[in-house]
Structure formats: structure tokens, C-alpha cells
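Q: One structure is given below, represented as C-alpha cells, and several questions about it will come after.
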Amino acid sequence: MIKSIEAFFPARLREPWRRCMLAFDKLEEVRIRVMQPVLIKWNGLEYGLTLEGKLQTIDEIKNGTPVIYSDKDIDDIFRYFCHDSIYAYEEERRKGFMTLEGGHRVGLAGEMVYTEGQGYILKYIRYMNIRVAHEIKGIAEGVLPWLYEKNEVCNTLIVSPPGIGKTTLLRDTIRLLSNGKGMEKGCAVGVIDERSEIAAAYRGGASMDCGCRTDVITGGTKKEGVRRLLRTFAPRVIAMDEIGLAEDAEAIRYASVSGCSVVATIHASSWEDLTYKKEVKQLLQEHIFQRVLVLSKDKERERCVQIFDEGGQELCGIRQLRAV
């Protein structure tokens, strides 16, 4: 389980990371670009890292001694992620991302080539984006009471731009719905985790706490995941991340008419922004989602939430999301 920043790197590349002593719980991203300074997103701000382990702004780092990785260094990092079995990770090279133990997701880019039978696959990986997964238990407790109506879980859409924490909120919501909280009894929850980010699934098993009544499907599509869960696990709630495709909307409709509540997330910045997304706009017009949670960050970079009903009426004004 990766719980420190230096653990993302093979031993020969760890020293600058060990020296910087960053608080891992505030680390969001590590961006690696061949022959360019490595950049870190930490607590909402961007820094470069020097060979001495110091953090500097992008302007400062250009005049200093930044950590810069060659193509061989990036190959070694990828090989390290693959446990020296790169051919076992051909599917990851095809999809352009991989999931590390602990749910940390690594985006991959570089030169793509077409191969018969597999389509396009990354031949040379020269760019990486390590997105760090964090588990914050209790962050959904403040919104949980708004998600029930007549003792039933409302179809809920969690909305935010990238990097605000919608998957973190979704994960804790799943945990609370599964375990039960206060007067609300726990229920069976099915999670469709295509990119292994919600449950931080590694080799099929959840690495993070999604509750005692939760079953997880990784890989595949949302449509196929909904069908399998409904056929064999009888969930009361189905959760999924980052909807937007036409087939995602079809999967949500199918779950809803099957007597199952849906909790999902989407990239957007506001209620108004949702109306520009064709498939989601249609779901809103059909009143599929009874609750819409819009996430943002305030001036102190604290997570905030605003809650709307299916018609866009505000139920709860902007308030900070805090772990209880």
C-alpha cells in the first residue's frame, strides 16, 4: 500500500522525494514530463521539486536545480509500477492509465501505435500523471440527511470540476449508505468501478472502506455493470463515477426502473454547466436525479457543497464539507 510519496518511485530516484518531507494527505498529483521539471499539486497549489528536496514555484524552479526525468527514468518508473512485468500490463498501455495498489491512478501518454487485434497502444510512455487517492471518512455525514426522501435513497448526482473531491465524497457516501448511519439502516450497495478509483480496487479487491454491505465490479462498462449487479446481487443502491456517455444515461435509466437508487458523479462546475451536457440534460429533464450536489472550493481551498432538487431549486446553500 503506497502511503508516502517516495514509494511511487524506484529506489534510485527516491532521494529528492524523501528529502522534501511532504504531508502525503495533502498531495493531489505528480506530473512527470520527459526532460521537463516534475510538478506537484499539493494542497491546491503547484510546485516544482529540486534535487535538494525543496519546493519552488514554476518560475523559481526554472532557475534552480529541478528534478527532471529522462526517457529511461520514465521507463524505469513504469517498469516499477508493473513489478517488472510490463507485458502483463498491455491492457493498461492500451487504455492509457493504470491503477496502483491503494487506488492511485496513473495517466499515461506518449507515442501510440496501431496493433492488429488490440487497436492503439502506447509504445513509448513519456508523460505520466499520478493522481493520488485519499480516503476521508465522515466527509459525507453532513450531506447524508439530504439524500433521503420517505426513507428511500434519492437518485443523486455529485457535480464538480476535476480535483475537488467528488470521488472522495462518493466513496464516503457509499460507506455510510452501506453501513447505515443514525436512524437509517444500512443497505446493499453495488459499485461499478471502471477505473478502480472509487473502491481503490487492486486486482479486483477494494483497498478502501466502502462499507460492509458493498459489492464492487471493476473494469467493463457501466451498462454491463448495472446488468450484472441487478441480476445477481440485488442492490438497493448502485454507485458509479464520471458519467457522461449515452450508454451511461441508459444504464442509469435501467437501474432506476428496476427499483434501484443511483448515486453518480460527473465533471461540471455548476447546475447551469450540466445543461450543456446533452445526455445529462435529458436525465435532468426526466427528473431522474432528485438531488444534485455541486462541489467547489472556497478562498481557503476548503471543499464546499451546494444541494439542489430535481428542478434546480436550492435545498441547501453553500457550506463547507468537513470530516466528522
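Q: Under the Karplus relation 6.51 cos²θ - 1.76 cosθ + 1.60, θ = phi - 60°, what is the ordered set of whole-Hz ³J(HN,Hα) values for the stretch 228-241, x standing for Gly and Pro?
A: Coupling constants for the stretch 228-241: 5, 5, 5, 6, 10, 10, 6, x, 8, 10, 10, 10, 8, 10 Hz.
Q: What is the magnitude of the charge dipole of the chain about its Cα centre, with +1 placed on the Cβ of each Lys and Arg, -1 on the Cβ of each Asp and Glu, and no other charges, expressed in debye to the nearest 20?
A: Once rounded to the nearest 20, the dipole reads 380 debye.
Q: Out of the stretch 281-321, which trypsin sites (Lys or Arg not before Pro) are coil in DSSP terms and have no more than 16 other C-beta atoms within 10 Å?
A: Qualifying residues, ordered by number: Lys299, Arg301.
Q: Same structure, new question: Express as a percent, rounded to the nearest 5, the fraction of DSSP beta bridges in the chain (both residues included) that run antiparallel.
A: Taking every DSSP beta bridge with both residues in the chain, the antiparallel ones total about 70 percent.
Q: Further question on the same structure: Quick one: what are the phi-derived ³J(HN,Hα) couplings along the stretch 26-32, Karplus 6.51/-1.76/1.60 with θ = phi - 60°, whole Hz, x for glycine and proline?
A: The phi angles translate into 10, 6, 10, 8, 10, 9, 10 Hz.
Q: To continue, here is another question. Considering the options Ile2, Leu39, Leu144, tell which one lies farthest towards the positive end of the dipole of the chain, charges being +1 on Lys and Arg and -1 on Asp and Glu at the Cβ, about the Cα centre.
A: Of Ile2, Leu39, Leu144, it is Ile2.
Q: Going through the stretch 66-121, which GluC sites (Glu not before Pro) have at most 10 other Cβ atoms within 10 Å and a DSSP loop state?
A: Passing sites in the stretch 66-121 are Glu116.
Q: Another question about this same structure. With θ set to phi - 60° and the Karplus curve 6.51 cos²θ - 1.76 cosθ + 1.60, what are the ³J(HN,Hα) couplings of the stretch 278-290 in order, to the nearest whole Hz, using x for Gly and Pro?
A: Couplings: 3, 5, 6, 4, 5, 4, 5, 5, 7, 6, 5, 9, 7 Hz.
Q: Can you list the residues, at least 5 places off or on another chain, whose amide H is less than 5 Å from the amide H of Glu242, using H built in the peptide plane?
A: Placed amide hydrogens put Thr265, Ile266 under 5 Å from Glu242.
Q: Given Lys223/Lys277; Lys222/Lys299; Lys95/Lys185; Lys72/Lys166; Lys181/Lys277; Lys72/Lys223, which pairs have Cα atoms separated by over 31 Å?
A: With Cα atoms farther than 31 Å apart: Lys222/Lys299; Lys95/Lys185; Lys72/Lys166; Lys181/Lys277; Lys72/Lys223.
Q: In 5 Å bins starting at 0, how do the alpha-carbon pair distances of the stretch 5-131 split up by percent?
A: 2, 11, 20, 24, 19, 12, 7, 3, 1, 0
Q: Counting only Cα, what are the radius of gyration and maximum Cα-Cα distance Dmax of the stretch 98-214, in Å?
A: 17.5, 56
Q: Under unit Cβ charges (Lys, Arg +1; Asp, Glu -1), what dipole magnitude, rounded to 20 debye, does the stretch 108-186 have relative to its Cα centre?
A: Dipole about the Cα centre, nearest 20: 160 debye.
Q: Among Glu314, Glu29, Glu300, which one moves the most in a GNM of the chain with springs linking Cα atoms closer than 10 Å?
A: So, out of Glu314, Glu29, Glu300, the one fluctuating most is Glu300.
Q: At what distance in angstrom do the alpha carbon centres of the stretch 206-238 and the stretch 277-324 lie from each other?
A: 24
Q: I've got another one for you. Tell me, what is the FRET efficiency for Asp59 and Arg14 to the nearest 0.05, using R0 = 30 angstrom and their Cβ-Cβ distance as r?
A: After rounding, the FRET efficiency stands at 0.70.
Q: Can you list the trypsin sites (Lys or Arg not before Pro) in the stretch 68-160 that are in a DSSP coil and have 16 or fewer other beta carbons within 10 angstrom?
A: Lys137, Lys150
Q: Something else now. Quick query: amide H of Asp193 versus all other amide H atoms, modeled in the peptide plane; which residues come in under 5 Å with a sequence gap of 5 or more or a different chain?
A: Correct list: Ile217, Thr218, Gly219.
Q: Roughly what % of DSSP beta bridges within the stretch 144-320 run antiparallel, to the nearest 5?
A: 40
Q: Let me ask something else. Take every Cα-Cα distance within the chain, group them into 10 Å bins from 0 onward, and report for each bin the whole-number percent of pairs it holds.
A: 6, 25, 31, 24, 12, 2, 0
Q: Would you compute, from DSSP H runs of 4+ residues alone, the mean residue ellipticity of the chain at 222 nm, taking -39500 (n - 2.57) per run and dividing by the full residue count, rounded to the nearest 500?
A: -6500 deg cm²/dmol
Q: Rounded to the nearest 0.05, what FRET efficiency do Asp84 and Asp298 have when you use their Cβ-Cβ distance and R0 = 41 Å?
A: It comes out at approximately 0.35.
Here, each number is a calculation from the coordinates, and none is a lab measurement. Since the structure is predicted, the reported quantities are computational estimates derived from the model, not experimental observations. So basically every Cβ, Gly included, is an ideal-geometry build from the backbone, and we count neighbours across all protein chains shown.
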